[in-house]
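K.L.:
Encoded as structure tokens, here's the structure I'll be asking about.
The values are calculated or read from the model by the stated rules, or taken from the named source; none is laboratory data. The model shown is predicted, which means the values in this text are computed figures rather than measured ones. Quick reminder, even Gly has a Cβ in these numbers, built from the backbone with ideal geometry, and neighbours come from all protein chains shown. Ligands, DNA and RNA are stripped out before the accessible areas are found, and what is left, the full protein with its side chains, is counted by its heavy atoms. Shrake-Rupley method; radii C 1.70, N 1.55, O 1.52, S 1.80 Å.
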Amino acid sequence: QQPVQSPQAVILREGEDAVINCSSSKALYSVHWYRQKHGEAPVFLMILLKGGEQKGHEKISASFNEKKQQSSLYLTASQLSYSGTYFCGTVFQGAQKLVFGQGTRLTINP
Amino acid sequence: GAGVSQSPSNKVTEKGKDVELRCDPISGHTALYWYRQRLGQGLEFLIYFQGNSAPDKSGLPSDRFSAERTGESVSTLTIQRTQQEDSAVYLCASSLLAGAAVNEQFFGPGTRLTVL
């Protein structure tokens, strides 16, 4: 039931774009995105509810494709501060818990 | 007005000993979650509290793990007869309202548990 994230790791130069995908084999009610920097607690980025909406947060946005049970996180013109591990968390219909993916490590080099 | 706090920040124990990990959620937050994060891994759900009751304990790995929450605030995660595979960072999170589907979770800094 754990969602699958891809890629597992990404290395970018500052200013480049990245896409992180999160796929589930089970029908989803919502998808959450969190970023965790090394040695720190995860920090909330955004929640997407079923319905295919897209949300944005600074230069970070995400979409949720209900038919494919897939969410994608888009990082545009990446900054050094975007480095960290990105986790998607999924909530199934009727459930009250987040099931997190294994994470995608993003490294931004100057 | 502070965020979620956890104590201790680090705990080193010997195999077979019991440990208690504490979580102080943000004041007024109804829901409280415990997660386990092994080195380089994702977050593994352990248990969820809504108020003082635990509607979902499905993530507790074994009967050596238990948790309680009192006064709709502090929560304690207890691990009895610790094993080396229990070594991990234990994270606590709280949210204002119950219902993981639509509510942002605020995470504490975690307790790093090392079982020798």
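K.L.:
Relative contact order for the stretch B:5-97 using alpha-carbon pairs under 8 Å, separation at least 6, rounded to a whole percent?
P.N.:
Contact order relative to length: 38 percent.
K.L.:
Let me ask something else. Can you run phi through the Karplus equation (6.51, -1.76, 1.60; θ = phi - 60°) for the stretch A:101-110 and list ³J(HN,Hα) in whole Hz, with x for Gly and Pro?
P.N.:
Residue by residue, the stretch A:101-110 yields x, 7, x, 10, 8, 10, 10, 10, 9, x Hz.
K.L.:
A follow-up question, please. Mind jotting down the distance between the C-alpha centroids of the stretch B:32-54 and the stretch A:26-50, whole Å?
P.N.:
With the stretch A:26-50 and the stretch B:32-54 each reduced to a Cα centre, they are spaced 14 Å.
K.L.:
Continuing with this model, one more query. For B:K11, what accessible area in Å² do you get when you roll a 1.4 Å probe over the heavy atoms of the protein chains, rounding to the nearest 10?
P.N.:
Estimated to the nearest 10 Å², B:K11 gives 80 Å².
K.L.:
So, one more: Provide the net charge surrounding A:V10, with neighbours chosen by a C-beta distance below 12 Å and charges set as Lys +1, Arg +1, Asp -1, Glu -1.
P.N.:
0
K.L.:
At a Cα cut-off below 27 Å, give the lysines reachable from A:K37, other chains included and same-chain residues fewer than 8 away excluded.
P.N.:
Result set, ordered by chain and number: A:K55, A:K59, A:K97, B:K11.
K.L.:
By accessible area of protein heavy atoms, probe 1.4 Å, what ranking do B:I26, A:I108 get, highest first?
P.N.:
These residues rank, largest area first, as B:I26, A:I108.
K.L.:
Also: How do B:H29, A:H38 rank by accessible surface area computed with a 1.4 Å probe, from largest to smallest?
P.N.:
Sorted descending by solvent-accessible area, the residues read A:H38, B:H29.
K.L.:
Short version: ³J(HN,Hα) in whole Hz for each residue of the stretch B:2-15, in order, from phi by Karplus 6.51 cos²θ - 1.76 cosθ + 1.60 (θ = phi - 60°), x for Gly and Pro, what are they?
P.N.:
Each residue of the stretch B:2-15 in turn: 6, x, 6, 10, 9, 8, x, 7, 9, 9, 10, 9, 8, 3 Hz.
K.L.:
Nothing charged except the Cβ atoms of Lys and Arg (+1) and of Asp and Glu (-1): what's the magnitude of the dipole of chain B about its Cα centre? Round to the nearest 20 debye.
P.N.:
280
K.L.:
Taking Cα centroids, how far is the stretch B:94-109 from the stretch A:88-110 in Å?
P.N.:
The stretch B:94-109 and the stretch A:88-110 have Cα centres separated by 14 Å.
K.L.:
Within 10 Å of each Cβ of A:97-104, how many other protein chain Cβ atoms are there on average?
P.N.:
Whole-number average of other-chain Cβ neighbours for A:97-104 is 6.
K.L.:
Right, next: Which residue fluctuates most in the GNM of chain A (Cα springs below 10 Å): A:G94, A:G39, A:G84?
P.N.:
Answer for the Gaussian network model of chain A: A:G39.
K.L.:
Give the Kirkwood hydrodynamic radius (Å, one decimal) of the protein assembly as shown, defined as one over the mean of 1/r across all pairs of different Cα atoms.
P.N.:
Taking every pair of different Cα atoms in the protein assembly as shown, averaging 1/r and inverting gives 18.0 Å.
K.L.:
Here's a follow-up. Ranking request for peptides A:62-74, B:62-74, B:13-25: highest mean number of other beta-carbon atoms within 10 Å first, then the rest in descending order.
P.N.:
A:62-74, B:13-25, B:62-74
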